[in-house]
Amino acid sequence: MIYTTPESWRTAPEKRVALFGMSGLGKTHVADLLRRTGGWFHYSVDYRIGTRYMGEHIVDNFKREAMKVPFLAELLKSDSIYIGSNITFDNLDPLSTYLGKPGDPAQGGIPIEEYRRRQEQHREAEVASLIDTVRFVERGREIYGYPHFVCDTGGSICEVVEPEDPDDPVIAALTSALLLVWIKGDEAHVDELVARFDRQPKPMYYRPAELARNWADWLAETGDAPDKVDPDAFIRWSFRRVIETRQARYAALARHGITVEAADVAAIRSAADFERLVADALTKR
């Protein structure tokens, strides 16, 4: 850990943190607040994935769909129109749309093998984007003059690292330059995330073994053929399983840093509030 005591954190001329935890618990909210009120550089891992590493895949997928429409196909082939991805920190829908959901194409699904291929693309992109964090610490300071740095990680960080491996390259890179901060939710938060996901199912990343197990169990329990699976029904069913396994992996990853409660994060109104919360967590560690 680059800060081991509250005093080393408070007096550090450059404060650098990587926030991680379940989606919806305040990572992006805190990162935005720090950027707006405290002179922090905000690095979004999901944005980096969707622009630097997955951008071409995303746009190619748009073009495949456009080529199915004769009017657009002719314009594309004559370079008369441009198709791009308008991904932002607040709108990651282009990335989610590309990842997709496995199942019946007539219900918006994609074949499971194509789904697995896109999942692997995302894993590689997430690993690269997390390791890139260290380089962006330097860029934030040297190019833009920001003294402090916050990395807003994706909810699937725990799926692409091995928390128990002391030589994990992602963990080694992050802990060499930043303090890992787990925003920990309670059971009520989990229930709310599940309810929110049930209202609006969204694509997500699974570890290959977990995806294989969930897919096999779904087919066995429902008797569905792979190309007849309801995509939304499958990912709703999988979500609770994923959340439960992620909690343990987040906790293991938190041993490389500190833990703060989601309820306390929700009360933050300024960079000073956040700095006090981190200092308190270091005191308790």
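When you work out D = kT/(6 pi eta Rh) for segment 6-277 at 20 °C and 1.002 mPa s, using the Kirkwood radius from C-alpha pairs as Rh and the Stokes-Einstein form, the result is 107 µm²/s. Across the protein chains, with a 1.4 Å probe defining accessible surface, the residues GLU56, GLU113 rank GLU56, GLU113 from largest area downward. Accessible surface calculations at 1.4 Å, restricted to protein heavy atoms, place segment 87-234 at 45 Å² per residue. GLU187 contributes an accessible area of around 110 Å² to the protein surface, as traced by a 1.4 Å probe with all chains present. The helix-only estimate of mean residue ellipticity at 222 nm for the chain, built from DSSP H runs of length n ≥ 4 each weighted as -39500 (n - 2.57), is -17500 deg cm²/dmol after division by the residue total. Within the full protein context, the accessible area of GLU162 is estimated at about 100 Å² for a probe radius of 1.4 Å. Membrane-span-like helices in the chain, defined here as complete DSSP H runs extending at least 27 Å along the helix axis by their C-alpha atoms with mean Kyte-Doolittle hydropathy no lower than 0.0, are absent; this is a sequence and geometry rule, not a statement about a membrane. For THR222, neighbours were defined as the other residues whose beta-carbon sits under 10 Å from its Cβ, and their charges (Lys and Arg +1, Asp and Glu -1) total -3.
Shape index of segment 1-157: Rg/Rh, with Rg the Cα radius of gyration and Rh the Kirkwood radius from the inverse mean 1/r over Cα pairs, equals 1.08.
How would you rank 221-233, 22-34, 254-266, highest first, on the average number of other Cβ atoms within 10 Å across their residues? Walk me through the intermediate numbers first.
Numbers: 221-233: 14.7, 22-34: 20.9, 254-266: 18.5.
Per-residue Cβ counts within 10 Å, averaged per peptide and sorted highest first, yield 22-34, 254-266, 221-233.
Which lysines does LYS27 reach when only Cα atoms under 29 Å apart count, and residues fewer than 8 places away in its own chain are ignored? Here the lysines satisfying the reach criterion relative to LYS27 are LYS15, LYS101, LYS184, LYS202, LYS284.
Quick one: check the C-alpha center-to-center distance for segment 55-108 versus segment 26-46, whole angstrom. Each part reduced to its Cα centre gives a spacing of 29 Å.
Partners of LYS77 within straight-line reach, counting lysines whose Cα lies under 17 Å from its Cα and excluding those fewer than 8 residues away in the same chain: LYS63, LYS68.
For segment 132-285, the equivalent ellipsoid derived from the alpha-carbon gyration tensor has semi-axes of 34, 19, 15 Å in decreasing order. All other residues whose Cβ lies under 10 angstrom from that of LEU33 are scored, Lys and Arg at +1 and Asp and Glu at -1, for a net of +1.
The values are calculated or read from the model by the stated rules, or taken from the named source; none is laboratory data. Keep in mind the model is a prediction, meaning the values are calculated, not measured. Please note: Cβ atoms are built from the backbone with ideal geometry, for glycine as well, and neighbour counts cover all protein chains shown. We work out accessible area using only protein heavy atoms, side chains counted, and drop any ligands, DNA or RNA first. Shrake-Rupley method; radii C 1.70, N 1.55, O 1.52, S 1.80 Å.
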